[in-house]
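Participant: Before I ask anything, let me first share the structure, which is written out below as structure tokens.
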Amino acid sequence: MPASPISIPLRWLAHGRGLPLPAQQTAGAAGLDLAAAIAPDSVTEIAPGDYAMIPTGLAIALPQGYEAQVRPRSGLAAKYGVTVLNAPGTVDADYRGEIMVMLINHGKATFAVRRGERIAQMVVAPVSAVQLHEMETLDETERGEAGHGSTGR
């Protein structure tokens, strides 16, 4: 049974007005698609190996205890080699500024971003309140201190 929807206030900035409201595209989708809020008659080109901050034209007010993760869209990665550079980017519950998407082009050709293009997805998730406490030793486990690659390929 799906969880009850979380109500999140959203404010459109002037350059984002007219874009579609971020939405989950299917009933089983985890992420809400974010669209590029660049000027209507312009194109932002991202050369291979380069990155760019793409505005979404929106700000949100997450409830305390939640974050929004800005993640890549798999289609852009598979077709063009374009992904979110700091994936997942985190939008904290106390942030009220514009959500920006840092896209990087790992592909072989220049990637053109146009207004309204779905450039990333946003997943809203609960966060844990964490308080660390110092100890001289930690409990032993079978894995111990074995790090990267220690559990197989």
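The values are calculated or read from the model by the stated rules, or taken from the named source; none is laboratory data. The model shown is predicted, which means the values in this text are computed figures rather than measured ones. So basically every Cβ, Gly included, is an ideal-geometry build from the backbone, and we count neighbours across all protein chains shown.
Participant: Quick check on the range 43-50. Is at least one of its residues surrounded by 15 or more Cβ atoms within 10 Å (Cβ to Cβ) and in contact with a helix residue (DSSP H, G or I) (Cβ under 9 Å, 6 or more places away or on another chain)?
Facilitator: No - not one qualifying residue is present in the range 43-50.
Participant: Whether any residue in the range 77-89 is among the charged types (D, E, K, R) and under 12 Å from the mean Cα position of the chain (by Cα) is what I want to check.
Facilitator: No, the range 77-89 has no match at all.
Participant: Now, a different point. Here are A52, A87: which of them is closer than 23 Å to A125 by Cα and touching a strand residue (DSSP E or B) at 6+ places or on another chain (Cβ under 8 Å)?
Facilitator: Answer to the selection: A87.
Participant: Exactly one condition in (1) within 16 Å of T56 (Cα to Cα); (2) in contact with a helix residue (DSSP H, G or I) (Cβ under 8 Å, 6 or more places away or on another chain) is not met by F111; state its number.
Facilitator: (1)
Participant: Please enumerate the residues belonging to the range 21-38 that are in a loop (DSSP other than H, G, I, E, B) and either modelled with pLDDT under 95 or closer than 16 Å to V124 by Cβ (or both).
Facilitator: Selection gives L21, P22, A23, Q24, Q25, T26, A27, G28, A29, A30, G31.
Participant: Taking I60 and the conditions (1) touching a His at 6+ places or on another chain (Cβ under 8 Å); (2) within 23 Å of R17 (Cβ to Cβ), which numbered condition does it fall short on, given that it satisfies the others?
Facilitator: Answer for I60: the failing condition is (1).
Participant: Also: Can you tell which of A93, A59, A109 is touching an Asp or Glu at 6+ places or on another chain (Cβ under 8 Å), over 17 Å from D33 (Cα atoms) and surrounded by fewer than 19 Cβ atoms within 10 Å (Cβ to Cβ)?
Facilitator: A93
Participant: Mind counting the residues in the range 126-153 that are surrounded by 10 or more Cβ atoms within 10 Å (Cβ to Cβ) and either more than 27 Å from Q69 (Cβ to Cβ) or more than 31 Å from the chain's Cα centre (by Cα) (or both)?
Facilitator: 1
Participant: Quick check: is even one residue across the range 109-124 in a loop (DSSP other than H, G, I, E, B), of a type in the set (A, V, I, L, M), over 21 Å from R17 (Cα atoms) and in contact with a strand residue (DSSP E or B) (Cβ under 6 Å, 6 or more places away or on another chain)?
Facilitator: Taking every residue of the range 109-124 in turn, none turns out to be in a loop (DSSP other than H, G, I, E, B), of a type in the set (A, V, I, L, M), over 21 Å from R17 (Cα atoms) and in contact with a strand residue (DSSP E or B) (Cβ under 6 Å, 6 or more places away or on another chain).
Participant: Is it true that Q69 is more than 18 Å from G97 (Cα to Cα) and either among the polar types (S, T, N, Q) or exposed (fewer than 12 other Cβ atoms within 10 Å of the Cβ) (or both)?
Facilitator: no
Participant: Only one of (1) farther than 30 Å from I54 by Cβ; (2) of a type in the set (A, V, I, L, M); (3) in contact with a Phe, Trp or Tyr (Cβ under 6 Å, 6 or more places away or on another chain) is not met by A129, so which one is it?
Facilitator: Tallying (1) farther than 30 Å from I54 by Cβ; (2) of a type in the set (A, V, I, L, M); (3) in contact with a Phe, Trp or Tyr (Cβ under 6 Å, 6 or more places away or on another chain), A129 fails exactly one: (3).
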